[in-house]
Amino acid sequence: MKVDLHCHSYFSDGKQSPSFLLQRAREKQLTHLALTDHDCVDGLDLLRSEAEGINIINGVELSCLWGSSEIHIVGLLIDSDHDHIEKLLASQQAEREKRALIIDEKLQKLGIDGLMPYLRSLPCTAYTRSHIADFLVDEKICKNRQKAFKSHLGKRGKVYAAATCCSMSEGVTAIRNAGGIAVVAHPGRYPLSKGKLSALLDDFKECGGEAIEGSYSNIDPHTQSYLARLAEEKSLYLSAGSDFHDAAATWTDIGKFPNLDQRAIKNAIWLHPKWHSSQS
């Protein structure tokens, strides 16, 4: 079995279509692929309609708040038509649009027009700051995405607007109610101390979370080993995925991440009872 349980299409901040993801997954000889777009599930039907030969895992990636920290929670094996998840996603998308409108107003005060028509011309359902960064690059306001975040979109940027999203507890509850498994995405990437990360996982588990990503693109061996130990200590399953966004970013290609090691494999998410019932 060869899986990628975290990737994005142009329905959120990915660059390519679900069809492209499927083709790349076939090239990499994957057996299972999860589309986990940010706060939307619009690409799942298209993915399933073309998925011959690959097992499709219904997924989503929710932006959630844990205290003052934004944490991303992946939901796998969800019923994407479940009422609870539909309502939460509609709310998340509305908040993303409100944030974009605030940023647009600030940009207009700087003499930069056209953000909202640009966003609405895209195939995406969930607007992100990456889309706005692309707009600033296209308009030659900024040299690249990194400069756009530093000068305009980051916390000290000229047009910064804080994110508004659901709590981690609300996100996990929605995933569970939709029949899914909640997974903390890329836990080693958050600016949290080991103590804070441990506290996050305790709170996550208390509200019904069941897994963390134990492998993802560019993870270093030390972090991977540490996350495997944490998962074992806290009785959490381990998931794995590339966090693919763009074919040009070859270091995050579909299926490109280290395998779970022998110590971690016994806690792999594909051993979860829900996984087996979904594949039967």
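The values are calculated or read from the model by the stated rules, or taken from the named source; none is laboratory data. Just so you know, these numbers come straight off a predicted model, no measurement behind them. Glycine also receives a Cβ, built like all others from the backbone with ideal geometry; neighbour counts cover every protein chain displayed.
Among the numbered criteria (1) under 25 Å from residue 88 (Cα atoms); (2) in a helix (DSSP H, G or I), which one does residue 263 miss? Condition (1) is where residue 263 drops out. If you go through segment 258-277 one residue at a time, do you hit one that is buried (at least 16 other Cβ atoms within 10 Å of the Cβ), under 17 Å from residue 25 (Cβ atoms), aliphatic (A, V, I, L, M) and touching a Ser or Thr at 6+ places or on another chain (Cβ under 6 Å)? No, segment 258-277 contains no residue that is buried (at least 16 other Cβ atoms within 10 Å of the Cβ), under 17 Å from residue 25 (Cβ atoms), aliphatic (A, V, I, L, M) and touching a Ser or Thr at 6+ places or on another chain (Cβ under 6 Å).
Using the structure shown, decide if residue 219 is crowded, with 18+ Cβ neighbours inside 10 Å, part of a loop (DSSP other than H, G, I, E, B), of a type outside the set (S, T, N, Q) and out of contact with any Ser or Thr (no Cβ under 6 Å at 6 or more places or on another chain). Yes, satisfied.
Does any residue of segment 174-186 turn out to be modelled with pLDDT under 95, among the small types (Gly, Ala, Ser) and under 16 Å from the mean Cα position of the chain (by Cα)? No, that holds for no residue.
Only a single criterion out of (1) more than 18 Å from residue 183 (Cα to Cα); (2) modelled with pLDDT of 95 or more; (3) acidic (Asp, Glu) is not satisfied by residue 45, namely (2). Here segment 37-86 is the region considered, the condition is being under 26 Å from residue 190 (Cβ atoms) and charged (D, E, K, R), and the residue that is surrounded by the fewest Cβ atoms within 10 Å (Cβ to Cβ) is 70.
Beta carbons closer than 6 Å, at least 6 apart along the sequence or on distinct chains, pair a first residue in segment 91-107 that is farther than 14 Å from residue 133 by Cα with a second that is surrounded by fewer than 17 Cβ atoms within 10 Å (Cβ to Cβ) and modelled with pLDDT under 95 for 95/164.
The residue of segment 135-169 that is nearest to residue 237 (Cα to Cα), among those that are in contact with a strand residue (DSSP E or B) (Cβ under 9 Å, 6 or more places away or on another chain) and crowded, with 19+ Cβ neighbours inside 10 Å, is 168. Of everything in segment 230-255 that is in a loop (DSSP other than H, G, I, E, B) and without any contact (Cβ under 8 Å) to a residue 40 or more places away in the chain, the residue that is farthest from residue 181 (Cα to Cα) is 249.
Pairing each residue of segment 187-212 that is under 14 Å from residue 223 (Cα atoms) with any residue that is assigned to a helix (DSSP H, G or I) and not hydrophobic (A, V, I, L, M, F, W, C), provided the two are 6+ apart or on different chains, yields C-beta distances under 6 Å for 188/223; 212/187.
Report whether or not residue 227 is in contact (Cβ under 8 Å) with a residue 60 or more places away in the chain, part of a helix (DSSP H, G or I) and buried (at least 21 other Cβ atoms within 10 Å of the Cβ).
When the stated conditions are applied, residue 227 does not pass them.
Consider segment 121-134 and keep the residues that are in contact (Cβ under 8 Å) with a residue 60 or more places away in the chain and among the small types (Gly, Ala, Ser). The one that is surrounded by the most Cβ atoms within 10 Å (Cβ to Cβ) is 126.
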